[in-house]
Every structure is written in C-alpha cells, then in structure tokens.
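Chemist: So that we are looking at the same thing, I have put the structure below in structure tokens.
The values are calculated or read from the model by the stated rules, or taken from the named source; none is laboratory data. Note that this is a predicted model, so its numbers are computed, not measured. Here the Cβ positions follow ideal geometry from the backbone for every residue, glycine too, while neighbour counts run over all protein chains shown. All accessible areas refer to the heavy atoms of the entire protein, side chains included, with ligands and DNA or RNA removed. Shrake-Rupley method; radii C 1.70, N 1.55, O 1.52, S 1.80 Å.
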Amino acid sequence: MLNPQRSLSELAQDVGRRQAGGGETVLEEEFNWLLKEEVHAVLKQLQDVLKVKGQLHVSRDVSNSESALPTGGLPTFLHAHPGLESQLKQENFILGSSTMDQVKGVLTLQGEALTQADINLKVAKSSQVLHFQFREDKMWKLQQIQDARNHVNQALGLLGSRDESYHFKTGAEVNKLMDAVMLQLTRARNRLTTPASMTLPELATSGLMKMFTPPMPGDVMVNFYINLSKLCLTVYQLHVLPPNTTKNYRPAGSSVLHNPGAMFELNNNRFEVSHVHKVECVVPWLNDTLVFFTISLQLCQQLKDKISVFSSFWNYRPF
C-alpha cells in the first residue's frame, strides 16, 4: 500500500516497477488510497497550517531541513472575520534608521490596524522638529493585510468544501482544487511582498493625510506600507514650484517609493519632492506568515507531484 513517507523519487520507482511487472491492480489500489486517504490528510494539514492549531508538523517531503520552523499557525485575524481588532493585543514598534535620524517614531499595530502613530520629523536645513500623531478617533487599516486575510479565507473556504466523507474520483479533480488553493495563497503572499504603487497626487489626497494632529502641513506627505516582514513609513518633504519656473516639468508616475526630484500637480499648484525619508521596523509575525504561506504552497505542490507520478496509469484510466 502507498507509504505517505516515501519520497517522490521512491514513489516513481515503485510505480515504474509495478507497471513493468504488470501490477496494474496494485497501482489502481494505491492510486485509490491516495485519492481517498492522503488527499484528505493533506487538506487537513493545510487547514492546520492556515489556522492556529498547535505545532506544525511537516513531512520530510516538504522540508529536508532540521532547522526550526515557526510553531502555531497564521495570526488569528488572518483567517477570521473582520472586526476582531479590539480582541487583539497592541504591539508597539520603534521606527528608525541606522543612517539618518531625520524621522523617528513609534507605531502601534493591533492586528491589521495602525491604532496610533507618533512621528517626529526634523525639517531639512533647519533645527525645527515637527511632531505628529494620530487623532484619538482615528485608526488606519493596512489594506495589504486586509487583502491577504481575504485570500486566506478564500483558501480555507476551498479546503473546507471537501470534508472527509467526500471521495475524489480523479487526479484532475484534486489538481483543480490544489490550483485554486495555490492561487489564493500566492495572491495572499504577493500582497505582503509587493506594496501597491501610488502616484504623488493619490498620496496627497489619501485619507491618511487627514488622520494626524496637528494637521499635516501642505509640504509634507507620509505613507505606510508592508514590504515582506517590515512595516515601512515614508515621509516626503515638498516645495512648491514657482508658476513662472523654467524648470522642465515632468509629472512622476506611480511608484512604491518616489525619489527626490519627482514632480506632481495638485489644485493648480506644481510640487517637487525635495527630501525622502524612509524608516522601517521588523514585525516578527509577518515573517512567520510568509514562511507558512511557503510551506502551504509546498504541501499543495507535493500532492500534485505525487498525483503526476501516476500519469502513465491514467493512460488507461481516464484522468
């Protein structure tokens, strides 16, 4: 009978020997066992990884490394319904840079929401320090985490649509489910690894600019985003271009990070970015989340690979 601990190469060799020896009946039994038993075991393991259900156990096919993996699973709010922020603990993160001290701050993260931001900005070419913080009635939802959570819930919905009593009839049916799950997990991972591009006018008119007290001055813009395991803050200092300037005006396009010299127009005024300050901090559970996404994708691919070993068997049994 099919041994779930066999490597893919060992499985392929066994299937080859069965075919060469005329063991089609045994192959059919092993394939049926795979569809009936191991597929559901993998579905359960995937759900355990994507939820918080104790320590993660990874078969040797997924990880040949003895290095420690994160325990538990994804943060609860990444697979639960919205509105749980009040039940989650608040985490404070200090923003800074080893190369400059123009911007310093402390961010308070509660699940997917920034509930407080305390920012100090040293104005370029002066000793003035500006201080801003979120208004007490405001919090900023990080869209990247919201989107990742939505994709995780989609993946869990797909996995939960086939309970243990369901019998998969073909490998194609399993592959279709795995492809759909992998699509959602890849989209979730990409939302954390690929921040959204924005134009400078979009930043200037975003709701984030209205969240601070005292109000953000017109020559300063800020943006928060996730990049891999880091929570990033970018501060832009601007200056107004004179109406009769002879400087060649070229509006900047969309970007995650705009460079000094980038120009844009807003409310009949033209602006140029004079200084850009980026500070960041590591959020440990974001790194763990990316690891769990990778493990989950490996589990899906491993199951697809095992099914593909039986491809020659499907030559006489419809795939």
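Chemist: Report, by residue number, each residue of segment 194-213 that is open to solvent by 40 Å² or more (accessible area, probe 1.4 Å) and closer than 22 Å to D288 by Cα.
Modeler: T194, A196
Chemist: From A188, A180, A196, which residue is assigned to a helix (DSSP H, G or I) and closer than 21 Å to N287 by Cα?
Modeler: Values: A180 fails: closer than 21 Å to N287 by Cα; A196 fails: assigned to a helix (DSSP H, G or I).
Exactly one of A188, A180, A196 is assigned to a helix (DSSP H, G or I) and closer than 21 Å to N287 by Cα, namely A188.
Chemist: Would you confirm whether any residue within segment 157-172 is among the aliphatic types (A, V, I, L, M), touching a residue at least 60 places away in the same chain (Cβ under 8 Å), in a helix (DSSP H, G or I) and open to solvent by less than 70 Å² (accessible area, probe 1.4 Å)? Give the steps one after another, and end with the answer.
Modeler: The first filter runs over segment 157-172 and keeps only residues among the aliphatic types (A, V, I, L, M), leaving 158-159, 172.
Narrowing the set further to residues that are touching a residue at least 60 places away in the same chain (Cβ under 8 Å) leaves 159, 172.
Within this subset, residues satisfying the condition of being in a helix (DSSP H, G or I) are 159, 172.
With the extra rule that they be open to solvent by less than 70 Å² (accessible area, probe 1.4 Å), the set shrinks to 159, 172.
Yes, segment 157-172 has at least one match.
Chemist: Right, next: Return a yes/no flag: does segment 289-311 have any residue that is more than 16 Å from the chain's Cα centre (by Cα), under 30 Å from K176 (Cβ atoms), part of a helix (DSSP H, G or I) and hydroxyl-bearing (S, T, Y).
Modeler: yes
Chemist: Among (1) surrounded by 15 or more Cβ atoms within 10 Å (Cβ to Cβ); (2) more than 20 Å from the chain's Cα centre (by Cα); (3) in a strand (DSSP E or B), which single condition is L109 missing?
Modeler: Only one criterion is unmet by L109, namely (2).
Chemist: Please enumerate the residues belonging to segment 228-279 that are of a type in the set (S, T, Y), surrounded by fewer than 17 Cβ atoms within 10 Å (Cβ to Cβ), touching a Ser or Thr at 6+ places or on another chain (Cβ under 9 Å) and in a loop (DSSP other than H, G, I, E, B).
Modeler: The answer is S254, and nothing else.
Chemist: Then there's this: It is to be established whether one or more residues within segment 74-85 are touching a strand residue (DSSP E or B) at 6+ places or on another chain (Cβ under 8 Å) and either modelled with pLDDT under 90 or farther than 26 Å from R191 by Cα (or both).
Modeler: Yes, segment 74-85 contains a residue that is touching a strand residue (DSSP E or B) at 6+ places or on another chain (Cβ under 8 Å) and either modelled with pLDDT under 90 or farther than 26 Å from R191 by Cα (or both).
Chemist: Name, by its number, the condition in (1) out of contact with any Phe, Trp or Tyr (no Cβ under 8 Å at 6 or more places or on another chain); (2) among the charged types (D, E, K, R); (3) without any contact (Cβ under 8 Å) to a residue 40 or more places away in the chain that does not hold for D288.
Modeler: With (1) out of contact with any Phe, Trp or Tyr (no Cβ under 8 Å at 6 or more places or on another chain); (2) among the charged types (D, E, K, R); (3) without any contact (Cβ under 8 Å) to a residue 40 or more places away in the chain applied to D288, the lone miss is (3).
Chemist: Please go through segment 280-308 and give me each residue that is open to solvent by less than 10 Å² (accessible area, probe 1.4 Å), over 20 Å from T186 (Cα atoms) and among the hydroxyl-bearing types (S, T, Y), ordered by number.
Modeler: none
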